[in-house]
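Peer 1: Let me begin by handing over the structure; questions about it come next.
Where a number appears in this text, it was derived from the coordinates with a stated rule and is not lab data. Being a predicted model, the structure only gives us computed values, none of them experimental. Neighbour counts are summed over all protein chains in view; Cβ atoms, including those assigned to glycine, are modelled from backbone coordinates with ideal geometry.
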Amino acid sequence: MVLLIEDNPIDVFVIKEVLEGCGPDLDVRLISNGHAALLYLQELDRDQTAPRPALVLLDLNLPKVAGIEVLRALRSSPQCSGIPVIVVTSSSAYADRSAAQQLGAAGYFQKPTELAAYGELAELVKRALDT
Amino acid sequence: MSVVATKGMAGEAEVRRLRTLYRLLAALSQASALEEVYQAAISSLLDATSADRAAILLFDDDGVIRFKASRGLSPEYQAAVTGHSPWPQGAQHAVPVVIPDVRLDESLDVYRNALDQEGIRALAFVPLVLDGLALGKFMLYYAQPHDCTTDELEIAQAIATHVALATRHKRAEFNITERNQLEVASRRLAAIVESSDDAIIGKDLTGIITTWNQGAERIFGYSAAEVLGRPVSILAAPGHNEMPDILAQIKQGNRVDHYETRRRRKDGRIIDVSLTVSPVRDAAGQIVGASKIARDISALKFAEQERALLLAREQDARRTAELFNRIGLRLGAELDLEKLVQEVTDIASALVGAEFGSFYHNVAGPQNVTGEHDEAHTPSPSLGVSRDVFAGLPMPRITELFAPTFRGAGVVRCDDLTQDPRYLPSSPHELPQFPLPLRSYLAAPVVARSGEVLGGLFFGHSVPGKFTETHETIITGIAAQAAVAVDNARLFEQTQWAQNELKRSNEELRRANQDLEVFAYSASHDLHEPLRTISISAQIIERSLGDRLQGEDAIFLGNILAASTRMNALLDDLLSYTKATKYEEGATPSVDASRVLEDVLTTLRGPIQESGTTVTSGQLPFVAMHAGRLAQIFQNLISNAIKYRTKEAPRVHIAADQRDGWCIFSVVDNGIGIEPQFAEQIFGLFKRLHGRDEYPGSGIGLAICQRIVEQYGGRIWLEQSVPGGGSTFSFALPSRPE
């Protein structure tokens, strides 16, 4: 199961497409705001039996709670710190990339304006799932 | 004159003796003084006798016989034998005495030593007799024992008689002369008394005036006739009657010396005098009256007063000068305008002794003078009580009163405002103009160097006539200093204000820039999102419709995609425009333009190689600009040159020139050129002269260049361009000395 934390519907559509191309039985779970994401994490930490995602795709530009906070929570969560996180964002800011890297993100993908360029994301996902 | 009969002597000696006598008589008749008489006698004696030496002695008033004249005798001998005479004074029937040998005469034992010392062996004493009485004696001295002959004695006696007669005659003459001299002396004394400038007044012991000189007439105004016989108390001045005391002192024989007092003249005027009063004694030594010398010292007293006044004035002036110096120092140090004005007013008030003092700023212009309601004269706080004095005066009056001063018309002084026609009420119903106790008034304008009237110093006092010309001078001086100080304070204020304004606007500018950055960044960012959605969505539609999309639908979809793409590019450019022209904090560095160019050429290596461009440059200087910014300019201009090229391989040449304090760069290319009417437009944001299909780009390159150059105080322009013949872009930056 891949957890997708993203609020933009178009991005959700496209990323889901990408994920389908990475593996037919890839289950995608969607959370569309930061606050809900944190609650979900708390749930995971509380309930050890709950299934945890194999990969998290995280948008930085989330409503309610910023993506970077979610990343921080993910990395410090006892249950989830081992899960690879790929930051998927429209920001080209170096500061964001650096922060994500420092927080231990497994990858950083800048959302392109060309549809075809989403193919790169597929590579990142495959690589992350393989490890 | 009697001739002595001779007794048949030898003719020669006889003749000689006679001749001697004739000579003596002649000499005696010519003698004008007793001295000459004596000398003549001695000469005759020596002539007529065989004596070696001779002398004449006479009895003086105490009966002692003394040498009157001598020849050949030492003073020691004379002293030794003075007083010795064979006969007493006034002896009758005195006869000559001869001592043939002094050694053999016991009566002369007492003088033995003296005689030996003197070398005298024989003596003859010849009496000088007048009216039968001995007056004195002749002495004949012989070095050898000698017995005088009768002839000798006779001739000596004859000479003696003549001398006696001559002496009496001369003495009488002398007495007369003496008396004459006394008379002359006393007349001279009288003249001195008369001509003296001082009053010399004689009075008797009852205080009656006995003598009165011209000086007294002049000093006291009375003539001698008016005062002689009257008591001296008529001269007394009220409160100064010490005369009885003075008289008492005189009676005791004491002098009163330089006693300063006052007396009254005939015309009633009181004068200052210095008195010296001495007792006057008669021949017996009894005090019979007083002599008073009175000197009119009124002038002296007046001069002393004047001197004291001058001294006081000088001290005053010195104190004022010191105060001035101090004012100068204080004023020079004070830059706070209000404090300054306060100080000036306080010090000035103290200096002129004013009860009230105020400084008024001349805020409004000359129209105040017309008497319209005037709020513009803002008083500065001054002496505590006085603050309201002028403010308490009714408005129109105060304007009139102050008007000349605000016109800058010099010092105004009024000894009594209530009497001055300028300030009297113009109509009977008007209340008294100065309900407050303001009589003396002094005002001076404070005029700046530019001639502008900054304000006025106004002083008042409840006592009329308090302010003098000297105060005018003082105030003028202070006003002058105050003007300079006020000028400076204002200048300082303005400078401070300007500095603060500058700081404030710099702050605002920085904040605005920051805001702009933040705005631009977030705007760009926030605008990207929906744009991407549009673009991706259109792409998805395109994908899913695939071939089914035909004709116009396809075109419109294409439009959506193209427009989104362009907008993305625009947003990116906008963001880079903001970044490129971000406000740089801190001091501007001095960078080597040639190094910057090298870096830019490295960055553009790809496009340069692809297009076959050659970039050359002349000597480039150091400029005051951040390296990144200069690089941006070079990059944009060179990129444009490459982009807007003709079929020829692009050539770019960069040169720099120093002119009039500017460093002017020129970038010359051989590109497609620009028509002159578009020379300004091309620098506009997003302004392009060509379609998107012809040349790519959003058109912000030159806009960025312009923004950057202007940020550094410079300018950029299209120097020249020929369509098809290349362009020259120039930008100028202020030179900075290295």
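Peer 1: Between the helical axis of B:627-643 and the dominant principal axis of chain B, each derived from Cα atoms, what acute angle in degrees is found, rounded to the nearest 10?
Peer 2: It works out to around 40 degrees.
Peer 1: Ok, one more. In degrees, nearest 10, range 0 to 90: what is the angle between the Cα axis of helix B:701-711 and the longest Cα principal axis of chain B?
Peer 2: The angle comes out at about 10 degrees.
Peer 1: Using the Cβ atoms and a cut-off under 12 Å, what net charge is assigned to the surroundings of B:Ile700, where Lys and Arg are +1 and Asp and Glu are -1? Display every interim value, and only then the final one.
Peer 2: On the way: positive: B:Lys579, B:Lys687, B:Arg688, B:Arg707; negative: B:Asp572, B:Asp573.
Neighbourhood net charge equals +2.
Peer 1: Can you return the aspartates and glutamates within cross-link range of B:Lys579? Criterion is Cα-Cα under 17 Å, with same-chain partners fewer than 8 residues away left out.
Peer 2: Result set, ordered by chain and number: B:Asp515, B:Glu517, B:Asp526, B:Glu710.
Peer 1: Would you mind ranking B:Lys68, B:Lys137, B:Lys579 by Cβ crowding within 10 Å, fewest neighbours first?
Peer 2: B:Lys579, B:Lys68, B:Lys137
Peer 1: Let me check I've understood the local charge: for B:Ala172, count other residues with C-beta under 12 angstrom from its C-beta, Lys and Arg +1, Asp and Glu -1. What total comes out?
Peer 2: On the way: positive: B:Arg168, B:Lys170, B:Arg171, B:Arg179; negative: B:Glu173, B:Glu178.
Combined, the nearby Lys, Arg, Asp and Glu give +2.
Peer 1: Additional query: Along the Cα-to-C-beta direction of B:Gln117, a point sits 7 Å from the Cα; which residues of the stretch B:61-91 have their amide N less than 17 Å from that point?
Peer 2: Within reach of a label on B:Gln117: B:67, B:72-84.
Peer 1: How much FRET efficiency would the formula 1/(1 + (r/R0)^6) give for B:Arg281 and B:Arg168, where r is the Cβ-Cβ distance and R0 is 41 Å, rounded to 0.05?
Peer 2: 0.75
Peer 1: If you take every residue apart from B:Pro88 with its C-beta less than 14 Å away from the C-beta of B:Pro88, what net charge results, scoring Lys and Arg +1 and Asp and Glu -1?
Peer 2: Local net charge: -1.
Peer 1: In 10 Å bins starting at zero, report the fraction of Cα pairs in the protein assembly as shown per bin as a rounded %.
Peer 2: Taking every Cα pair in the protein assembly as shown, the percentages come to 2, 8, 9, 6, 7, 7, 7, 7, 6, 5, 5, 5, 5, 4, 4, 4, 4, 3, 2, 1, 0, 0.
Peer 1: Let me ask something else about it. Identify, among A:Leu115, A:Asn8, B:Val446, the residue whose Cα sits farthest towards the positive end of the charge dipole of the protein assembly as shown, taking +1 on the Cβ of Lys and Arg and -1 on the Cβ of Asp and Glu, with the dipole about the Cα centre.
Peer 2: B:Val446
Peer 1: Starting from the Cα-Cα distance between A:Leu26 and A:Gln110, subtract it from 0.36 nm times their residue separation and give me the gain in nm to one decimal.
Peer 2: In short, 28.0 nm is gained.
Peer 1: Using the beta-carbon distance between B:Asp599 and A:Val65 and R0 = 56 Å, what value does 1/(1 + (r/R0)^6) give for FRET efficiency, to the nearest 0.05? Can you show the working numbers first?
Peer 2: Values: r = 43 Å, r/R0 = 0.77.
The computed FRET efficiency comes out at 0.85.
Peer 1: What number, in percent, do you get for the relative contact order of the stretch A:2-130 if the mean sequence gap of Cα pairs under 8 Å and at least 6 apart is divided by its residue count?
Peer 2: Values: 189 pairs, mean separation 33.0, N = 129.
Worked out over the stretch A:2-130, it gives 26 percent.
Peer 1: A:Leu129 label point, 7 Å along Cα→Cβ, cut-off 16 Å on backbone N: hits in the stretch A:18-41?
Peer 2: A:18-30
Peer 1: Moving on to the next point. How long is the gain from B:Gln78 to B:Gln681 if the chain were fully straight, where each residue apart is worth 0.36 nm and the alpha carbon distance is subtracted?
Peer 2: Result for the pair: 202.4 nm of gain on full extension.
Peer 1: Which pairs in the list A:Lys16/A:Lys126; B:Lys339/B:Lys503; A:Lys64/B:Lys582 are over 23 Å apart, alpha-carbon to alpha-carbon? Could the numbers behind the result be given before it?
Peer 2: Numbers: A:Lys16/A:Lys126 14 Å; B:Lys339/B:Lys503 26 Å; A:Lys64/B:Lys582 31 Å.
Cα-Cα > 23 Å for B:Lys339/B:Lys503; A:Lys64/B:Lys582; rest within.
Peer 1: Another question, then. How many Cβ atoms of partner chains, on average, are near each residue of A:1-11 if near means within 10 Å of its Cβ?
Peer 2: Partner Cβ neighbours, averaged per residue: 2.
Peer 1: Given chain B, report the % of alpha carbon pairs whose separation exceeds 42 Å.
Peer 2: Numbers: 197225 of 271953 pairs.
Within chain B, distances greater than 42 Å cover 73 percent of Cα pairs.
Peer 1: Counting only other chains, what is the mean number of Cβ atoms within 10 angstrom of the Cβ of each residue in peptide B:532-543?
Peer 2: Taking all residues of B:532-543 together, the mean is 4.
Peer 1: Taking a threshold of 21 Å on the Cα-Cα distance, which of the pairs A:Lys111/B:Lys687; B:Lys68/B:Lys137; B:Lys203/B:Lys301 fall above it?
Peer 2: A:Lys111/B:Lys687; B:Lys203/B:Lys301
Peer 1: Fewest Cβ neighbours within 10 Å first, please rank B:His528, B:His653 accordingly. Write down the numbers at each step before the final one.
Peer 2: Numbers: B:His528 21, B:His653 16.
By the 10 Å Cβ count, ascending: B:His653, B:His528.
Peer 1: Now for a different question. Please give every one of the aspartates and glutamates within straight-line cross-link reach of B:Lys251, meaning a C-alpha to C-alpha distance under 14 Å, and leave out same-chain neighbours fewer than 8 residues apart.
Peer 2: By straight Cα distance, B:Lys251 reaches B:Asp204, B:Asp282.
Peer 1: If you consider only alpha-carbon coordinates, what radius of gyration and Dmax does chain A have, in Å?
Peer 2: 13.6, 41
Peer 1: While we're here: Enter the Cα centre distance for the pair the stretch B:575-599 and the stretch B:173-237, rounded to the nearest angstrom.
Peer 2: 116 Å
Peer 1: For the protein assembly as shown, what is the charge dipole size about the Cα centre, in debye to the nearest 20, if Lys and Arg each add +1 at the Cβ and Asp and Glu each add -1 at the Cβ? Numbers along the way, then the final one.
Peer 2: Details: 85 positive and 110 negative charges, 441 e Å.
Value, rounded to 20: 2120 debye.
Peer 1: Return B:Met243, A:Met1 ranked ascending by Cβ neighbour count within 10 Å, so the fewest neighbours appear first.
Peer 2: The most exposed by this proxy come first: A:Met1, B:Met243.
Peer 1: Another question about this same structure. Put +1 on the Cβ of each Lys and Arg and -1 on the Cβ of each Asp and Glu in the stretch B:587-734; which of B:Pro696, B:Gln619, B:Leu718 then has its Cα farthest toward the positive end of the dipole?
Peer 2: The residue sitting farthest along the positive end of the dipole is B:Pro696.
Peer 1: So what's the back-of-envelope 222 nm ellipticity for chain B, counting only DSSP H runs of four-plus at -39500 (n - 2.57) apiece and dividing by all residues, rounded to 500?
Peer 2: -15500 deg cm²/dmol, from helical runs alone.
Peer 1: I would also like to ask the following. How many partner chain Cβ atoms sit within 10 Å of a residue's Cβ in peptide A:13-21, on average, as a whole number?
Peer 2: 1
Peer 1: Any chance you could give the angle, 0 to 90 degrees and rounded to 10, that helix B:11-30 forms with the longest Cα principal axis of chain B?
Peer 2: The two axes meet at around 40 degrees.
Peer 1: Quote the relative contact order of chain B in percent (integer), defining contacts as alpha-carbon pairs under 8 Å separated by 6+ residues.
Peer 2: Result for chain B is 5 percent.
Peer 1: R0 = 41 Å: FRET efficiency of B:Asn488 with B:Leu509, Cβ-based, nearest 0.05?
Peer 2: Working from the Cβ atoms, E equals 0.85.
Peer 1: Next question. Quote the relative contact order of the stretch B:587-734 in percent (integer), defining contacts as alpha-carbon pairs under 8 Å separated by 6+ residues.
Peer 2: Reported relative contact order: 23 percent.
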